[in-house]
1. Students sometimes get this wrong: rank Ser104, Ser274 by accessible area, probe 1.4 Å, all chains present, largest first.
2. Mind listing which GluC sites (Glu not before Pro) in segment 94-199 are in a DSSP loop and have 13 or fewer other Cβ atoms within 10 Å?
3. Sequence gap at least 6, Cα distance under 8 Å: using those rules, report the relative contact order of segment 74-172 to the nearest whole percent.
4. With no solvent and one equal point scatterer per Cα, compute the Debye intensity ratio I(q)/I(0) for segment 128-183 at 0.13, 0.26, 0.28 Å⁻¹ and report its log10, rounded to two decimals.
5. Taking the highest mean first, how do the peptides 6-15, 260-269 order by number of other beta carbon atoms within 10 angstrom per residue?
6. Using a 1.4 Å probe on the protein heavy atoms only, what accessible surface does Phe138 show? Give it in Å² to the nearest 10.
7. Evaluate the distance, in nm, between pseudo-label points positioned 7 Å from the Cα of Ile109 and of Lys125 along their respective Cα→Cβ axes.
8. So what is the relative contact order of the chain, in percent, for Cα pairs below 8 Å that sit 6 or more residues apart?
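The values are calculated or read from the model by the stated rules, or taken from the named source; none is laboratory data. The shown structure was predicted, so the numbers you read here are calculated from the model rather than taken from an experiment. Backbone-built Cβ (ideal geometry, glycine too); neighbour counts: all protein chains shown. Calculation scope for accessible area: heavy atoms of the full protein, side chains included, ligands and nucleic acids excluded. Shrake-Rupley method; radii C 1.70, N 1.55, O 1.52, S 1.80 Å.
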Amino acid sequence: MISHLSLNNVNTISPSISLQTDENGVEFLIVEHDKLNAALTLHGAHLIHFQKKQQPPVIWLSKTAIFDNKKAIRGGVPICWPWFGPADPSLGENLPAHGIARTSKWTLINTEESDNGVVIKLQLKSSEASLKIWPYEFELKLQITLDSECKLTLTTENKSNKPFIYGGALHTYLNISSPESVKIIGINEKFTNSLKNKRLETGDTTLLIDQAIDSIYKKSNTEIQLKDSQFQRTLTVSNTGNDSEVLWSPWVEGAQAFADMPDNGYQTMFCIESAITQKSGQLVEAGNTHTLTTLIK
Ligand code: TA6
């Protein structure tokens, strides 16, 4: 399934789901179902592989991704939470980009499987360590539904006695055949160019991948389509609970700069992220919940 991982079977959870570990003790949930294959780590509740039978993978994973239960994994769907990008300086110094959820150990809640696919539920609760970084009690639930579609549903519950504001993203790395074979349709015209000092720009609602791209698009009011002529498929992305979509390709220089991405890695991945990036963030009153989703079909 994932050629560059060598795993040992630890525990069969259900006919098509098993818990396996690698030599570093990283725990993987492996799904080998009649209709699909998939894999995720408890480290970050990180979906790293999803592939329907007789099709190229939908989700991209770096061939040089690092699995050490510490670092964020390059590829898959990192859960960026409770902030997107650099941390607010008011929270302190040297805080990790994209929050703490993607480098935290999550707990498996339950799994279900049917003839069509699987549903996997995971949870992350605030801890003494998290409270030192982000001073709120919380409970995160992630539901991953894999069948003919791939849906991630992240529910944030405010367990504290005061309101909090969060940001983040379901930072999906999609697998593409090549940049020149792909076009993205259905994005909003208005976007902030993170490569140009967050300049507000107006562009086309169709995008080609022919250079480094790091853009925050105002939430699209339609589904976004990634048309791939070589793979002869269209991946459709629909998001809810987000205020924006982030589109990203590190391109040549960016890929070369990452130790955990091969130099040609940019040729087979493109990120379309369901994100909360607005400065105002997402308010969650004490005792309340908010849900962020992405559906790839
Ligand atoms: O989502 C786009 C982005 O914020 C880019 O600016 C780039 O930094 C990318 O995420 C990857 O971030 P990471 O912290 O995983 O290296």
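1. Output order, biggest surface exposure first: Ser104, Ser274.
2. Answer in residue order: Glu189.
3. Working: 180 pairs, mean separation 29.6, N = 99.
Rounded, it is 30 percent for segment 74-172.
4. These q points yield log10 I(q)/I(0) values of -0.56, -1.15, -1.22.
5. Highest to lowest by the protection proxy: 260-269, 6-15.
6. Its heavy atoms expose roughly 10 Å² to the probe.
7. So the label points at Ile109 and Lys125 sit 1.3 nm apart.
8. 16
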